[in-house]
Amino acid sequence: MSDQINRDGLGKRFWEQKRMDQMNNAEWEALCDGCGKCCLNKLEDEDTGEVALTRVACRLLDDATCLCAQYEIRHQFVPECIVLRPSNIEKNLYWMPETCAYKRVWNGDALPDWHPLLTGRAESVHEAGVSMQGQTVSEFDIADEDWEDHIIEEPV
């Protein structure tokens, strides 16, 4: 499988050298580990604010690669898709996966040893068992009221 996230020509361990707001677009995009968890639909308890992860994936998630099938034009299909940026990451931390590189770097934590920026291989996230590869169902196949039946624990 080829890596659809371009990680060529980036500075060595740039995420440890720069603040998020200093990263260029290529560096920012390269932080994504390709796990697919951010593209899963989540349920938020209105009383507690607790967020539950479901295996119900956005209609654009490619279950085999764990990447968006229409990333560049995703808002044409999914207008509510969040464009994560340094300017809005803090308000979005609550729903982000625990293994997410954006969340980890924001919190001052190291990238996990399976992250493609460290291994040089996109497949390392899948081999580590932390991605959603082969584990999702399409939101087209599950009624909204049945999402609770598909709540899962985050693979970490």
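The values are calculated or read from the model by the stated rules, or taken from the named source; none is laboratory data. Computed from a predicted structure; not experimentally measured. Virtual Cβ from ideal backbone geometry, glycine too; neighbours counted across all protein chains shown.
Could you tell me whether the range 93-109 includes any residue that is surrounded by 19 or more Cβ atoms within 10 Å (Cβ to Cβ), touching an Asp or Glu at 6+ places or on another chain (Cβ under 6 Å) and not in a loop (DSSP other than H, G, I, E, B)?
Scanning the range 93-109 turns up at least one residue that is surrounded by 19 or more Cβ atoms within 10 Å (Cβ to Cβ), touching an Asp or Glu at 6+ places or on another chain (Cβ under 6 Å) and not in a loop (DSSP other than H, G, I, E, B).
Within the range 26-38, is even one residue more than 15 Å from the chain's Cα centre (by Cα), of a type in the set (A, V, I, L, M, F, W, C) and surrounded by 14 or more Cβ atoms within 10 Å (Cβ to Cβ)?
yes
Report, ordered by the first and then the second residue, all pairs with beta carbons closer than 6 Å, sequence separation of six or more or different chains, a first member in the range 85-98 that is modelled with pLDDT of 95 or more, and a second member that is assigned to a loop (DSSP other than H, G, I, E, B).
Correct list of pairs: empty, since none qualify.
Looking at Ala52, Ala64, which one is in a strand (DSSP E or B), more than 17 Å from Leu84 (Cα to Cα) and not acidic (Asp, Glu)?
The conditions single out Ala52.
For Ser2, work out the one condition from (1) under 17 Å from Thr119 (Cβ atoms); (2) modelled with pLDDT of 95 or more; (3) small (Gly, Ala, Ser) it doesn't fulfil.
If we test Ser2 against (1) under 17 Å from Thr119 (Cβ atoms); (2) modelled with pLDDT of 95 or more; (3) small (Gly, Ala, Ser), just (2) comes out false.
Which condition from (1) in contact with an Asp or Glu (Cβ under 9 Å, 6 or more places away or on another chain); (2) assigned to a strand (DSSP E or B) is the one that Arg59 breaks?
(2)
Hey, Asp21 hits all of (1) closer than 22 Å to Trp95 by Cα; (2) out of contact with any Ser or Thr (no Cβ under 9 Å at 6 or more places or on another chain); (3) surrounded by fewer than 12 Cβ atoms within 10 Å (Cβ to Cβ) but one; which does it fall short on?
Of (1) closer than 22 Å to Trp95 by Cα; (2) out of contact with any Ser or Thr (no Cβ under 9 Å at 6 or more places or on another chain); (3) surrounded by fewer than 12 Cβ atoms within 10 Å (Cβ to Cβ), only one is false for Asp21: (2).
Inspect the range 15-23 for any residue being of a type in the set (A, V, I, L, M, F, W, C) and closer than 20 Å to Ala64 by Cα and give the result as yes or no.
Scanning the range 15-23, I find no residue that is of a type in the set (A, V, I, L, M, F, W, C) and closer than 20 Å to Ala64 by Cα, so the answer is no.
Restricting attention to the range 99-122, and to residues there that are of a type in the set (Gly, Ala, Ser) and out of contact with any Pro (no Cβ under 9 Å at 6 or more places or on another chain), which single residue is modelled with the lowest pLDDT? Walk me through it before giving the result.
Keep residues of the range 99-122 that are of a type in the set (Gly, Ala, Ser), which gives 101, 108, 110, 120, 122.
Now drop any that are not out of contact with any Pro (no Cβ under 9 Å at 6 or more places or on another chain), which leaves 108, 110, 120.
Numbers: Gly108: 96, Ala110: 97, Gly120: 93.
Only one residue tops the list, namely Gly120.
Does the range 40-54 contain at least one residue that is in contact (Cβ under 8 Å) with a residue 60 or more places away in the chain and out of contact with any strand residue (DSSP E or B) (no Cβ under 6 Å at 6 or more places or on another chain)? Before you say what the answer is, go through the steps one by one.
Here is the first cut: in the range 40-54, the ones in contact (Cβ under 8 Å) with a residue 60 or more places away in the chain are 40-41, 43, 52-54.
Keeping just the survivors that are out of contact with any strand residue (DSSP E or B) (no Cβ under 6 Å at 6 or more places or on another chain) gives none.
No: zero hits.
Is at least one residue of the range 95-110 of a type in the set (Phe, Trp, Tyr), farther than 17 Å from Gly34 by Cβ and within 13 Å of the chain's Cα centre (by Cα)?
yes
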